[in-house]
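Student: Here it is: the structure, laid out below.
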There are 2 protein chains.
Amino acid sequence: MNFNKGLVIVLSGFSGAGKGTIMKHLLDKHKDAYHLSISATTRDKRTGEKEGRDYFFKTKEQFECLIEDGEFLEYANFNGNYYGTPKSYVDSLVEEGKDVILEIEINGALQVKKIYPDALLLFVTPPDAKQLKERLVGRGTETKEVIEQRLDLAYQQSFLMDQYDYLVVNDDLDECVERVHETIQNEKFRIHRNLNNIEIMKKELEVFSKGDN
Amino acid sequence: MNFNKGLVIVLSGFSGAGKGTIMKHLLDKHKDAYHLSISATTRDKRTGEKEGRDYFFKTKEQFECLIEDGEFLEYANFNGNYYGTPKSYVDSLVEEGKDVILEIEINGALQVKKIYPDALLLFVTPPDAKQLKERLVGRGTETKEVIEQRLDLAYQQSFLMDQYDYLVVNDDLDECVERVHETIQNEKFRIHRNLNNIEIMKKELEVFSKGDN
């Protein structure tokens, strides 16, 4: 059987839950296991950034053409700049049997699930709402209004959690990173991802059982 | 959040695939994590066997009364003796938050899934049909007829594989045992097993977002 088909993995969740840190540690510890999806953007290239490593840099016109052509798995506009995940790039990695990780916000994640129903959606959250509140409140430097906005956004986002596949509870970072790694690897053995393998086994067993021993 | 709800785990699969060995190693290595479900049986108690540790020993009449009362998750008759899994025993362990493992044959496993739709069904298989054949053929001591019967049974059983949750590929035993352990533990973070946790989080976030900071 072949258990090495590439997976599309989407990591998102509450802001302040530590997605970025989990992602960084996962990619550090399991360099060879995962490929980070590279986004396209219209924002300016910063010093030290490299085309095709940090981002695919596009003009606004190029980006909007790509949107029209349905070339993005998901895209969004932040502060006047577009950011998006090029579908062809992800497709080519998966085709090669590579596991591709996307770190994107929640609406983008649900877009990806529509295009790849087999994508594995991981939702990062602190162990409980109280700890999320503490992380969102931050270091006491934010206004009451900003804090309330953040908490309200988290509340709205909590209604989308049930569309994910797994909760990633970020309590102890190292444990959490290992659990994410195991979850992804074990997911490859889920029955619905192995219907092809099962068909092959059936056919081989049929031949064997017909007495060609 | 509470991720410690007890799971009902069913280990079954092809005969010759090594279920019993995996089970033994899993319970040895992770003694405190899992509880083995104890079967009831009408067969005679053997020397050294203990009521409530090895089996719950019943008379044929007692066993058939229990069947009538719907007290078994599943039962079967082998060589004139009944074997069955008492529902009340499994229920009480799960209630205490314990993960209960049942090692039963495939039809029994599918019965259990009907009663506990949340049960985790693991199907043990060698990596491919050829290796299954080799294990079924055995050490050259079996007749051609017996071997064909075994292969035909495996072929029939392969049609039920897609009703399971995970394949457990028994290639390297130690790896396989660890994968089973991880799979069970990670499964606790699956979204559909955490809808209650999510509801609690929503309610808490709603209170926080209404400005009671």
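The values are calculated or read from the model by the stated rules, or taken from the named source; none is laboratory data. Everything numeric here is computed off the predicted structure, so don't read it as measured data. For neighbour counting, all protein chains shown are included, and Cβ atoms are generated from backbone atoms with ideal geometry for every residue, glycine included.
Student: Just give me the residues in segment B:147-158 being out of contact with any helix residue (DSSP H, G or I) (no Cβ under 6 Å at 6 or more places or on another chain) and at the interface with another protein chain (Cβ under 7 Å from one of its Cβ atoms), in sequence order.
Tutor: The one that is out of contact with any helix residue (DSSP H, G or I) (no Cβ under 6 Å at 6 or more places or on another chain) and at the interface with another protein chain (Cβ under 7 Å from one of its Cβ atoms): B:GLU148.
Student: Looking at (1) farther than 30 Å from B:GLU71 by Cβ; (2) crowded, with 16+ Cβ neighbours inside 10 Å, find the lone condition where B:LYS188 falls short.
Tutor: Looking at each condition in turn, B:LYS188 falls short on (1).
Rundown of residues vs (1) among the polar types (S, T, N, Q); (2) under 30 Å from B:ASP172 (Cβ atoms), yes/no style:
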| position | (1), (2) |
| --- | --- |
| B:MET23 | no, yes |
| B:ILE38 | no, yes |
| B:THR41 | yes, no |
| B:THR47 | yes, no |
| B:ASP69 | no, no |
| B:TYR83 | no, no |
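Student: Is there a residue in segment B:175-185 that is touching an Asp or Glu at 6+ places or on another chain (Cβ under 9 Å), within 30 Å of A:LYS210 (Cβ to Cβ) and facing chain A (nearest Cβ under 8 Å)?
Tutor: No, segment B:175-185 contains no residue that is touching an Asp or Glu at 6+ places or on another chain (Cβ under 9 Å), within 30 Å of A:LYS210 (Cβ to Cβ) and facing chain A (nearest Cβ under 8 Å).
Student: Restricting the search to segment B:7-33, which residues are surrounded by fewer than 19 Cβ atoms within 10 Å (Cβ to Cβ) and closer than 17 Å to B:GLU187 by Cα?
Tutor: B:HIS30, B:ALA33
Student: If you don't mind, there's one more thing I want to ask. Of all residues in segment A:189-212, which are within 38 Å of the chain's Cα centre (by Cα) and of a type in the set (D, E, K, R)?
Tutor: If the condition is that a residue be within 38 Å of the chain's Cα centre (by Cα) and of a type in the set (D, E, K, R), then A:ARG190, A:ARG193, A:GLU199, A:LYS202, A:LYS203, A:GLU204 are the ones that fit.
Student: Has segment B:164-177 got any residue that is polar (S, T, N, Q), touching a residue at least 12 places away in the same chain (Cβ under 8 Å) and touching a Cys at 6+ places or on another chain (Cβ under 9 Å)?
Tutor: Yes, some residue in segment B:164-177 is polar (S, T, N, Q), touching a residue at least 12 places away in the same chain (Cβ under 8 Å) and touching a Cys at 6+ places or on another chain (Cβ under 9 Å).
Student: Of the residues A:THR143, A:THR183, which is hydroxyl-bearing (Ser, Thr, Tyr) and either in contact with a Phe, Trp or Tyr (Cβ under 6 Å, 6 or more places away or on another chain) or crowded, with 16+ Cβ neighbours inside 10 Å (or both)?
Tutor: After applying the criteria, what remains is A:THR183.
Student: Among the residues of segment B:118-137, is there at least one that is among the basic types (Lys, Arg) and at pLDDT 95 or above?
Tutor: Among the residues of segment B:118-137, not one is among the basic types (Lys, Arg) and at pLDDT 95 or above, which makes the answer no.
Student: Still on this model: Scan segment A:99-111 and tell me whether some residue there is closer than 29 Å to A:PHE3 by Cα and more than 17 Å from the chain's Cα centre (by Cα).
Tutor: no
Student: Please go through segment B:52-72 and pick out each residue that is among the acidic types (Asp, Glu), farther than 23 Å from B:ILE115 by Cα and assigned to a helix (DSSP H, G or I). Before you say what the answer is, go through the steps one by one.
Tutor: The first filter runs over segment B:52-72 and keeps only residues among the acidic types (Asp, Glu), leaving B:54, B:61, B:64, B:68-69, B:71.
Among the residues that remain, those that are also farther than 23 Å from B:ILE115 by Cα are: B:54, B:61.
Result: B:GLU61, single match.
Student: Go through B:GLY80, B:GLY97, B:GLY84, B:GLY140 for me and flag whichever is free of Cβ contacts under 8 Å to residues at least 24 places away in the same chain and more than 14 Å from chain A (Cβ to nearest Cβ). Quick ask: steps written out before the conclusion?
Tutor: Details: B:GLY97 fails: free of Cβ contacts under 8 Å to residues at least 24 places away in the same chain; B:GLY84 fails: free of Cβ contacts under 8 Å to residues at least 24 places away in the same chain; B:GLY140 fails: more than 14 Å from chain A (Cβ to nearest Cβ).
Criteria check complete, one pass: B:GLY80.
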